[in-house]
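Student: This structure is in structure tokens; I'll ask about it shortly.
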Amino acid sequence: MEKVVIISGGTKGLGKSLVRLFKKGGWLVSSFGRSVSRNGIESDTGILWTKADMRFESDIDIVIKRTMEEFGPPNVLILNAGTISPCKEIVDDSILNLRKNFEINVFANTYLTQLFLANSKNGLVVHITSDVSKTPALGWSFYGSSKPAMDYIIRALTVEVPDSRFLSIDPGDMATEMHFIADPTADSDELQSPEKAAESVFQKIISEAGAV
Ligand SMILES: NC(=O)c1ccc[n+]([C@@H]2O[C@H](COP(=O)([O-])OP(=O)(O)OC[C@H]3O[C@@H](n4cnc5c(N)ncnc54)[C@H](OP(=O)(O)O)[C@@H]3O)[C@@H](O)[C@H]2O)c1
């Protein structure tokens, strides 16, 4: 039986490549983002798209409902969608930016995980984390504090929900929209492409998902 994966933020960057790789690997893929142009199963690819803004719990409810209706219970959830604000030192930044980072990277991800766990059996949740989670990087602290907060939730869930599996994967720095929002001066030659990063993330997930 085909396995079902939900990938948040499949419209751009890493998520877009992961959607392609899972589809190519024979998975049933459900993905969403704000910039999805049309809801439903794409005729040429079979991918289920939902126009959804993770800030709204009602949008996440719809993603899960439509995935269940079209494909049945999901096996894997990839918490890929994320947000970032332009790099600033803590004393100069606005608390609103801290809220915006936590709103998506922690609150929405946690709600999505709760719904996934309520609808999946022995599933796998993969959080796409970042190296700033481990080592503070000057100017990246509002984003950088949201990633370890979600890593903590992932680690706590491994104890609280032993029937399911949880994993954080750092894809490494990539030349994506998000990276240039944070640092418009970044040198794209020093960043890997999201396509390349996705290949190694995909392999890690596939080897972990073997028993799902
Ligand atoms: N780029 C890096 O250097 C880097 C390094 C380490 C980790 N990461 C992590 O990798 C993941 C993917 O990032 P990326 O670099 O590929 O970023 P990206 O190209 O900017 O893509 C971000 C994705 O998140 C979705 N998204 C953002 N806000 C959303 C919202 N409110 N509701 C629904 N979807 C939303 C976007 O879709 P819409 O715009 O269509 O809503 C988009 O598909 C993130 O978790 C990021 O923290 C990135």
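What follows draws every value from the coordinates through simple rules; no lab data is involved. The model shown is predicted, which means the values in this text are computed figures rather than measured ones. Quick reminder, even Gly has a Cβ in these numbers, built from the backbone with ideal geometry, and neighbours come from all protein chains shown.
Student: Could you size up the charge dipole of the chain around its Cα centre, putting +1 on the beta carbon of Lys and Arg and -1 on that of Asp and Glu, and report it in debye to the nearest 20?
Tutor: 560
Student: For the range 3-92, which trypsin sites (Lys or Arg not before Pro) pass both filters: DSSP loop (anything but H, G, I, E, B) and at most 13 other C-beta atoms within 10 Å?
Tutor: 34, 38
Student: For the range 69-137, what does the alpha-carbon gyration tensor say about shape, rounded, prolate or oblate, given a ≥ b ≥ c as the root eigenvalues, a/c under 1.5 as rounded, and a/b over b/c as prolate? The partial results should precede the final answer.
Tutor: Details: a/c = 3.56, a/b = 2.34, b/c = 1.52.
Prolate is the answer for the range 69-137, as a/c is 1.5 or above and a/b outweighs b/c.
Student: Oh, and also: For the range 4-209, what is the convex hull (Cα atoms) projected area averaged across all directions, in square nanometres?
Tutor: Taking the Cα atoms of the range 4-209, their convex hull projects to 11.2 nm² on average.
Student: Against the longest alpha carbon principal axis of the chain, how many degrees, from 0 to 90 and to the nearest 10, is the axis of helix 109-119 turned?
Tutor: 10
Student: What list of ³J(HN,Hα) values in whole Hz, one per residue of the range 180-189 in order, does the Karplus curve 6.51 cos²θ - 1.76 cosθ + 1.60 (θ = phi - 60°) give from phi, with Gly and Pro shown as x?
Tutor: Calculated HN-Hα couplings, in order: 7, 5, 5, 9, x, 8, 4, 8, 5, 5 Hz.
Student: So which chymotrypsin sites (Phe, Trp or Tyr not before Pro) in the range 1-72 pass both tests, a DSSP loop state and at most 12 other Cβ atoms within 10 Å of the Cβ?
Tutor: Answer in residue order: 56.
Student: Separate question: Determine the relative contact order of the chain: mean sequence separation of Cα pairs under 8 Å and six or more apart, normalised by residue count, in whole percent.
Tutor: Working: 368 pairs, mean separation 43.5, N = 212.
Normalised by residue count, the contact order of the chain is 20 percent.
Student: Sticking with this one: Would you order 199, 177 from fewest to most other beta-carbon atoms within 10 Å of each residue's own beta-carbon?
Tutor: 177, 199
Student: Could you let me know the centre-to-centre spacing of the range 24-61 and the range 93-124, using Cα atoms, in angstrom?
Tutor: Between the Cα centre of the range 24-61 and that of the range 93-124, the gap is 17 Å.
Student: Next up: What angle, in degrees between 0 and 90 and rounded to the nearest 10, separates the Cα long axis of helix 194-209 from the longest principal axis of the Cα atoms of the chain?
Tutor: Approximately 50 degrees, to the nearest 10.
Student: How far, in degrees from 0 to 90, does helix 141-160 lean away from the longest principal axis of the Cα atoms of the chain, to the nearest 10?
Tutor: 40
Student: A further question follows. So how do 28, 157 line up by other beta-carbon neighbours within 10 Å, fewest first?
Tutor: Least crowded to most crowded, the residues run 157, 28.
Student: Follow-up. Please rank 53, 170, fewest neighbouring Cβ atoms within 10 Å first, as an exposure proxy.
Tutor: By the 10 Å Cβ count, ascending, the order reads 53, 170.
Student: Related question: With both bridge residues required to lie in the chain, what share of the DSSP beta bridges run antiparallel, to the nearest 5%?
Tutor: Bridges in the chain are about 10 percent antiparallel.
Student: Mind listing P(r) for the range 15-73? All alpha-carbon pairs, 5 Å bins, whole percents.
Tutor: 4, 19, 30, 27, 16, 4, 1
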